[in-house]
Every structure is written in C-alpha cells, then in structure tokens.
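Working notes for the structure below.
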Amino acid sequence: MIARHLISEEIIPLKTSSTGKEALSLMEELKVSHLPIVNNEVFLGLISEQDIYDLNIPEEPLGNYKLSLKHPYVSEHQHLYDVLKLVNEMKLSLIPVLDDHERYLGCITLLDLVGAMAGSFSLENPGGVIVLEMSQNDYDLSEIARIVESNDAKVLSLFISTHVDSTRLEVVLKLNRTDLGGVLQTFDRYGYFVKASFGDEEDHDDLKENYDSLMNYLNL
C-alpha cells in the first residue's frame, strides 16, 4: 500500500494568508496538531500547534511564521511503512503527500494509518496469534512458514521487532485459524520459544474491540 492510496479527504490545507487563530480552530475541529500550508498546489510547509503558541500572536498570517518542521512530507509512491517511519520520527499527527513534481496532493492522518495497519495485521480476519522469541541467527522465515503450513494453517501476516542492545528478535505471527494446539506443539518440537499465543475467538474479539476503541478515540 502506497501513500497516494491513504490520502484523507477531510484535511483542508491552509494558505499563507490564513491566521494562527484560524489554524488552531481547524486543528481542533479535525483533531490534529499539524496542518499543511498550500498556495496553488505548492506545498510551503507544515504548521504545528506549538509553532502558533510559540509566536503567541494568533491574528498573525501564517506566511509570517517560522516553521519548526523541515521536509515533513512523503512522495505519493512511498510505502505505508516509510510513511509510518517518518510520522513516528517527526511525531506528526498527519503527513503531507506530494507528487513527482512536488505538487501537494493531500494528507495522511493517524486515523488513516491505523486503518491501513489494521488491514496489514489482517485484524478483520478471525485467527490466532503466536509470538516467538529467538536470536537473529536462528530466524528462518521459510522454516517458520513450513511449520505453520504442516498443520494446515496459513500465515496471514508477520511482524518482527528487535530488542534494544540485544540480538534477540520477537516474531509475531497472525494465522488463519484459532486452534493453535498443533502449531504450538510443532514449534516446541523444533526448539522454538513461544513467548505468547492467543488462539480462541474470545481473544480475537478482545483484540478487535481494542482496535475499534482506538479508531473511535482517534475519530472523536
């Protein structure tokens, strides 16, 4: 999934003639803390709530503001993971998207990103979750897939996280079945350490309920 497919239709860009007061009002309405400044499809920058408070002249046009964020945008062809990485690094509530000619196309909000990640996690599909922990040298994706498929199951999604100052990996598997007994036994036979597993429908319902609660919170 690439950036241009995630653009929100709700975000209204500001102009250099817009005031800090107008920007704050729109931020409150849209539940964001950043907004793009655009003149005739030319992206000029991203104004933050903090920028406005720091200047402390709410009637001042945005064209007179010094923007604290540098190059806060992604190209339309960048992948979802690249978008997530930049949003996390810059602590943004939304990220502008530009085309190949650096013309403004729109913005991606945190709500859009959460929805896209839910799809990547296959959250809407019933199934179990297995969390494995291992050293980086022991990670073998093909073997993990074979173990799962030998029990008539499929891997719907897989995510890897690393431990700080460690060579250990945490591998999270989402499978297409909730009965994980056979898969867990096979992982044990092959010497894998299963850190956690969530296999029944109640676990899935709880996970989906938590996701729905987060979406409702972001959409307030």
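Of the residues in segment 153-203, how many are assigned to a loop (DSSP other than H, G, I, E, B), within 15 Å of Met134 (Cα to Cα) and modelled with pLDDT under 95? Reasoning before the result, please.
So in segment 153-203, the residues assigned to a loop (DSSP other than H, G, I, E, B) come out as 153-154, 163-167, 176-180, 190-192, 199-200.
When the remaining residues are screened for being within 15 Å of Met134 (Cα to Cα), the result is 163-167, 190-192.
Cutting the leftovers down to modelled with pLDDT under 95 gives us 163-167.
Number of matching residues: 5.
Starting from segment 165-190, keep only residues that are more than 27 Å from Met117 (Cβ to Cβ) and in the same structural domain as Val155 (by TED's automatic domain parsing), then list their pairs with residues that are in a loop (DSSP other than H, G, I, E, B) and of a type outside the set (Asp, Glu) whose Cβ atoms are within a distance under 7 Å, requiring at least 6 positions of separation or different chains.
Within 7 Å, the pairs are Gly182/Asn151; Thr186/Ser150; Thr186/Asn151.
From the list Ser48, Ser33, exactly one residue is in contact with a Ser or Thr (Cβ under 8 Å, 6 or more places away or on another chain) and in contact (Cβ under 8 Å) with a residue 60 or more places away in the chain. Which is it? Break it down stepwise before answering.
Details: Ser48 fails: in contact (Cβ under 8 Å) with a residue 60 or more places away in the chain.
Unique residue meeting the criteria: Ser33.
Quick one: how many residues across segment 85-100 are assigned to a loop (DSSP other than H, G, I, E, B), out of contact with any Pro (no Cβ under 7 Å at 6 or more places or on another chain) and crowded, with 16+ Cβ neighbours inside 10 Å?
Looking only at that region, the number is 1.
Contact list please: Cβ distance under 8 Å, first residue in segment 1-19 and in contact (Cβ under 8 Å) with a residue 40 or more places away in the chain, second residue part of a loop (DSSP other than H, G, I, E, B) and hydrophobic (A, V, I, L, M, F, W, C), pairs at least six apart or on different chains.
Ile11/Val32
In segment 20-47, what residues are in contact with a Cys (Cβ under 9 Å, 6 or more places away or on another chain) and β-branched (Val, Ile, Thr)?
The one that is in contact with a Cys (Cβ under 9 Å, 6 or more places away or on another chain) and β-branched (Val, Ile, Thr): Val32.
Please find, among Asp82, Asp112, the residue that is crowded, with 19+ Cβ neighbours inside 10 Å and under 15 Å from the mean Cα position of the chain (by Cα).
The conditions single out Asp112.
Output the residues belonging to segment 52-104 that are touching a Phe, Trp or Tyr at 6+ places or on another chain (Cβ under 6 Å) and not aliphatic (A, V, I, L, M).
Those that are touching a Phe, Trp or Tyr at 6+ places or on another chain (Cβ under 6 Å) and not aliphatic (A, V, I, L, M): Pro96, Tyr104.
Would you check which residues across segment 95-133 are of a type in the set (Phe, Trp, Tyr) and at pLDDT below 95 and list them?
Phe121
The values are calculated or read from the model by the stated rules, or taken from the named source; none is laboratory data. Because the structure is a prediction, the values reported are computed rather than measured. With ideal geometry, Cβ positions are generated from the backbone for all residues, glycine too; neighbour counts draw on all protein chains shown.
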